[in-house]
Amino acid sequence: MKRILLSFSLLACVTAASAAPVFTLNSPDFNDNDVMAKTFAGNAKGNASCTGEGISPALSWNNPPPGTKSFALTLVDPVGAKGLGVNHMVAYNIPFQRTSFARGELSDGKGYTGGKNSPGTLRYYGPCPPAGSGQHHYNFTLIATDLPANALGQGLTREELLSKLKGHTLGAAGLIGRFGNE
């Protein structure tokens with residue numbers, strides 16, 4: 001009888017654990033692993049690879065881990081710069097109450113503390129892959145942390161941010177958008 005009760009207890013625990021909601025990151029502007037519109041590509045003057053409008057896509061998230069006090073958001077092209085990677089967005093101190101960014105809001109630098117991306121700005125910098133390099137994958141990663149929303153100072157690089165988040169992360173959600181200049 002004890003074994004039967006123990007088996008039912010374990011089954012109930014496993015079922016409850018598997019029913020926990022998943023932390024997700026989404027965009028109404030593109031589905032995961034879909035091609036992003038040219039609107040979201042970079043628009044840096046003097047760079048022929050920046051063929052877009054430089055407007056950030058809308059993002060929303062659901063089911064952050066319990067205990068979340070703030071979020072960090074990064075956008076990386078891992079094959080950019082001929083394989084060295086390009087950081088397009090480093091944002092953090094995003095309050096835990098927040099569940100989305102409207103289209104263009106990350107470009108405007110509102111609702112977060114800006115970290116330094118590869119081009120040296122503190123805001124969203126859209127995709128600018130060289131012509132003929134194929135489709136690049138732009139990895140949006142939203143990290144839930146136990147840090148208060150004012151814990152980190154402005155201007156951290158992605159590497160500095162990740163170093164400061166060690167021991168403070170509770171989970172992450174990702175979304176991939178593709179873009180290429182053929």
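The values are calculated or read from the model by the stated rules, or taken from the named source; none is laboratory data. A quick note: this is a predicted structure, and the numbers were derived from the prediction, not measured. The protein model used for the area step is the full one, side chains on, heavy atoms only, and it has no ligands, DNA or RNA in it. Shrake-Rupley method; radii C 1.70, N 1.55, O 1.52, S 1.80 Å.
When the Karplus curve 6.51 cos²θ - 1.76 cosθ + 1.60 is applied with θ = phi - 60°, which whole-Hz ³J(HN,Hα) does each residue of the range 53-59 get, with x for Gly and Pro?
9, x, 9, 6, x, 6, 9
Note the angle between two axes, namely the Cα long axis of helix 2-18 and the longest principal axis of the Cα atoms of the chain, as a number of degrees from 0 to 90, rounded to the nearest 10.
20
Among all the lysines, which ones have a C-alpha under 20 Å from Lys166's C-alpha, if same-chain residues fewer than 8 places away are not counted?
Cross-link targets: Lys69, Lys116.
Work out from phi, with θ = phi - 60° and the Karplus expression 6.51 cos²θ - 1.76 cosθ + 1.60, the ³J(HN,Hα) of each residue of the range 69-81, listed in order in whole Hz, and give x for Gly and Pro.
Taking θ as phi minus 60°, the curve returns 10, 6, 10, 10, 10, 10, 9, 10, 9, x, 9, x, 6 Hz for the range 69-81.
Give, in whole angstrom and from largest to smallest, the semi-axes √(5λ) of the equivalent ellipsoid of the chain, with λ running over the eigenvalues of the Cα gyration tensor.
35, 19, 14
With a 1.4 Å probe and every protein chain kept in, tell me what percent of the accessible surface of the range 68-166 is carbon plus sulfur.
Carbon-and-sulfur percentage of accessible area, whole number: 52.
How many angstrom lie between the Cα centre of the range 23-92 and the Cα centre of the range 114-182?
7
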